[in-house]
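Before any comments, here is the structure.
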Amino acid sequence: MNMDQDILLQMTDITKTFPGVKALDHVSLTLKRGTVHALMGENGAGKSTLMKCLFGIYNKDSGTILLEGKEVNFKNSREALDNGVAMVHQELNQALKRSVMDNIWLGRYPKHLGLVVDETKMYRETMKIFDELGINVDPHRIMSTMPVSQRQMVEIAKAVSYRSKVIVFDEPTSSLTEDEVEHLFRIINMLRDRGVGIIYISHKMAEIKRISDEITVMRDGQLVATRPASELEMNDIIRLMVGRELGNQFPPKTNKPGEVYLEVEHLTGLYNNLRDVSFNARRGEIVGLAGLDGSGRTETLETMFGVATRKSGRILLDGKECKNLTPRQSIKNNFALLTEERRATGIFGILDIRENSVISSLDRHKRAGFVLSDKSMKKDTQWSIDAMHTKTPTQETKIRSLSGGNQQKVIIGRWLLTEPDVLLLDEPTRGIDVGAKYEIYQLILDLANKGKTVIMVSSEMPELLGVCDRILVMSGGRLAGEVDAKTATQEDIMRLAAKYV
């Protein structure tokens with residue numbers, strides 16, 4: 001095979017400008033058949049924007065895209081899919097009230113005599129793909145009843161069902177357990193062996209080194225370098241991404257936990273698997289919640305905050321019971337919850353940065369009882385942008401046009417403006433680059449230094465060990481044990497996580 005036949009996709013000099021931001025500045029990318037090409041860069045570097053230009057979600061301002069030597073300009077994602085280009089998005093956008101197989105064949109149902117949907121054929125074709133990919137999901141199951149990790153597998157199956165030549169994976173492992181990551185890598189290697197070209201966007205260095213053949217690094221909308229993965233060490237990648245050496249991964253721990261402030265007694269959920277969970281946390285302490293997917297980590301936070309219904313149990317703050325039966329009560333009691341599903345339960349996509357920033361603290365901005373002060377809202381929003389180092393052209397920019405990491409910063413800023421005493425964080429750095437992660441860790445530490453109590457869920461064990469004082473380990477909806485972050489190892493956590501599985 002000569003070199004030209006080997007090239008599957010060629011993007012040349014792609015430029016894209018949004019109001020006030022040059023998102024892509026003459027970026028080029030070459031994807032070879034049967035390879036995994038990693039795309040790396042800090043949040044806002046332009047990775048997702050480049051892929052959206054390929055996929056027809058955005059119109060590029062200039063540049064050319066060649067697929068198997070022919071110029072293409074997809075008008076929308078359907079046209080891209082029909083031409084063999086698929087994308088598995090980080091923020092899953094699915095028809096949650098429909099079944100798994102409905103989601104896979106949406107818009108192209110197999111039909112009897114071109115009239116009635118052929119359910120039997122649809123089921124058979126879905127099972128064929130699932131068997132091929134080793135996916136164990138019932139095609140009749142309703143999407144909303146499944147965890148994010150399984151919904152993501154459905155999205156991958158959908159991409160494969162189009163017999164795609166190019167598949168883009170955007171942060172595919174951000175909500176997967178280690179076993180699920182291994183399964184995903186087996187699927188990717190199988191697709192690569194079939195000659196599919198894979199573009200893999202991720203912030204996880206170890207993963208990138210393991211799965212990629214080539215690595216392209218972007219910074220501030222520009223291409224910094226494309227190299228064979230074998231030539232780049234982790235430090236080289238970080239230096240290319242951030243344009244400087246990055247010292248320690250975690251800020252030095254300066255917080256000094258004080259007396260017990262929060263007590264959770266026999267917390268049990270009504271509609272989730274949470275059973276009899278009891279623990280306490282001190283002022284100025286960062287407590288981690290570890291465990292496998294479905295272990296009850298998220299459910300603990302949601303039941304504490306009143307998002308999920310409590311069957312029994314009590315929450316005490318400074319010795320006094322807090323009801324916390326609804327989010328509104330919890331906010332009044334100075335609790336804040338940063339949710340894991342940013343797009344579904346975090347941002348208000350059609351609103352701008354300012355509206356998203358102040359929406360939980362509107363009482364602070366009321367004048368004469370009901371009028372909202374623009375000046376006061378601007379001031380708080382600016383504080384949030386500065387404190388979080390959020391990259392945004394203006395406060396009036398719609399939040400949906402920001403990168404995922406910058407959306408996350410706006411949401412954290414929103415909760416800080418409510419001046420909470422107890423901060424509940426669910427995967428606070430999910431899908432965020434190394435530089436921004438460090439800033440968020442520093443912010444969590446600053447809050448602990450001010451005497452705030454932080455409870456933090458994370459799937460990344462090094463993160464829990466690096467940031468927290470203590471780690472509570474969940475297993476099968478129960479508390480399996482507790483470890484000291486200073487002395488514990490990842491093995492200690494995993495042993496406890498498997499206790500009730």
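The values are calculated or read from the model by the stated rules, or taken from the named source; none is laboratory data. Bear in mind the structure is a predicted one, so any value in this text is a computation, not a measurement. Cβ placement follows ideal geometry from the backbone for every residue including glycine, while neighbour counts extend to all protein chains displayed. The area values use the complete protein model at the heavy-atom level, side chains included, leaving out ligands, DNA and RNA. Shrake-Rupley method; radii C 1.70, N 1.55, O 1.52, S 1.80 Å.
Values computed for the structure shown
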item	result
Meets criteria (assigned to a loop (DSSP other than H, G, I, E, B), open to solvent by 60 Å² or more (accessible area, probe 1.4 Å) and at negative phi) for K22	no
Every pair of residues 6+ apart whose Cβ atoms lie under 6 Å, when the first sits in region 387-416 and is of a type in the set (D, E) while the second is modelled with pLDDT of 85 or more and not in a loop (DSSP other than H, G, I, E, B)	E396/D352
Residue check, K409 of a type outside the set (V, I, T) and touching a strand residue (DSSP E or B) at 6+ places or on another chain (Cβ under 8 Å)	no
Hey, F335 surrounded by 19 or more Cβ atoms within 10 Å (Cβ to Cβ) and either in contact with a His (Cβ under 7 Å, 6 or more places away or on another chain) or among the aromatic types (F, W, Y) (or both) or not	yes
Cross-chain or 6+ apart pairs with Cβ under 6 Å, region 475-501 first and farther than 16 Å from F279 by Cβ, then of a type in the set (A, V, I, L, M, F, W, C) and part of a helix (DSSP H, G or I)	Q490/M461
Which numbered condition V358 fails, given (1) more than 21 Å from the chain's Cα centre (by Cα); (2) surrounded by fewer than 16 Cβ atoms within 10 Å (Cβ to Cβ)	(2)
Residues (in contact with a helix residue (DSSP H, G or I) (Cβ under 7 Å, 6 or more places away or on another chain), farther than 19 Å from R192 by Cβ and hydrophobic (A, V, I, L, M, F, W, C)) located in region 7-53	M11, I14, F18, A23, L24, V27
Every residue from region 439-449 that is without any contact (Cβ under 8 Å) to a residue 40 or more places away in the chain and open to solvent by 30 Å² or more (accessible area, probe 1.4 Å)	D446
Pairs where the first residue, in region 127-143, is farther than 18 Å from L106 by Cβ and the second is open to solvent by 90 Å² or more (accessible area, probe 1.4 Å) and hydroxyl-bearing (S, T, Y), C-beta under 6 Å, 6+ apart	none
Residue match in region 366-377 (condition: within 30 Å of Y261 (Cβ to Cβ), surrounded by fewer than 23 Cβ atoms within 10 Å (Cβ to Cβ) and not aromatic (F, W, Y))	yes
Any hit, region 403-414, residues being part of a loop (DSSP other than H, G, I, E, B), closer than 24 Å to V148 by Cα and open to solvent by 20 Å² or more (accessible area, probe 1.4 Å)	yes
In region 164-187, residue farthest from L106 (Cα to Cα) [restricted to those that are over 20 Å from the mean Cα position of the chain (by Cα) and open to solvent by less than 20 Å² (accessible area, probe 1.4 Å)]	I187
Members of region 30-49 found to be touching a Ser or Thr at 6+ places or on another chain (Cβ under 6 Å) and not in a loop (DSSP other than H, G, I, E, B), listed by number	V36, A38, L39
Which listed residue is open to solvent by 50 Å² or more (accessible area, probe 1.4 Å), under 15 Å from T226 (Cα atoms) and among the charged types (D, E, K, R), from D61, D13	D13
Selected residue (criterion: nearest to L274 (Cα to Cα)) from residues of region 453-474 that are open to solvent by 10 Å² or more (accessible area, probe 1.4 Å) and at pLDDT 95 or above	R470
Close pairs from region 216-237: first within 20 Å of K32 (Cβ to Cβ) and open to solvent by 50 Å² or more (accessible area, probe 1.4 Å), partner basic (K, R) and at pLDDT 90 or above, Cβ under 9 Å, at least 6 apart	none
Residue within region 272-282 that is of a type outside the set (K, R), on the phi > 0 side of the Ramachandran plot, loosely packed, with under 15 Cβ neighbours inside 10 Å and in contact with a strand residue (DSSP E or B) (Cβ under 6 Å, 6 or more places away or on another chain) present	yes
From A436, A387, residue being open to solvent by less than 10 Å² (accessible area, probe 1.4 Å), in a helix (DSSP H, G or I) and more than 23 Å from E302 (Cα to Cα)	A436
Top-ranked residue in region 147-163 [being hydrophobic (A, V, I, L, M, F, W, C), touching a residue at least 40 places away in the same chain (Cβ under 8 Å) and under 20 Å from K97 (Cβ atoms); ranked as most open to solvent (accessible area, probe 1.4 Å)]	V148
Region 104-126: number of residues that are on the phi > 0 side of the Ramachandran plot and free of Cβ contacts under 8 Å to residues at least 12 places away in the same chain	2
Filtered residue count, region 478-497, keeping only those that are open to solvent by less than 60 Å² (accessible area, probe 1.4 Å) and in contact with a strand residue (DSSP E or B) (Cβ under 8 Å, 6 or more places away or on another chain)	10
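Residue-by-condition table, conditions (1) aliphatic (A, V, I, L, M); (2) in a helix (DSSP H, G or I); (3) touching a His at 6+ places or on another chain (Cβ under 6 Å):
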position	(1), (2), (3)
L81	yes, yes, no
T120	no, yes, no
T126	no, yes, no
D131	no, yes, no
N136	no, no, no
V154	yes, yes, no
K158	no, yes, no
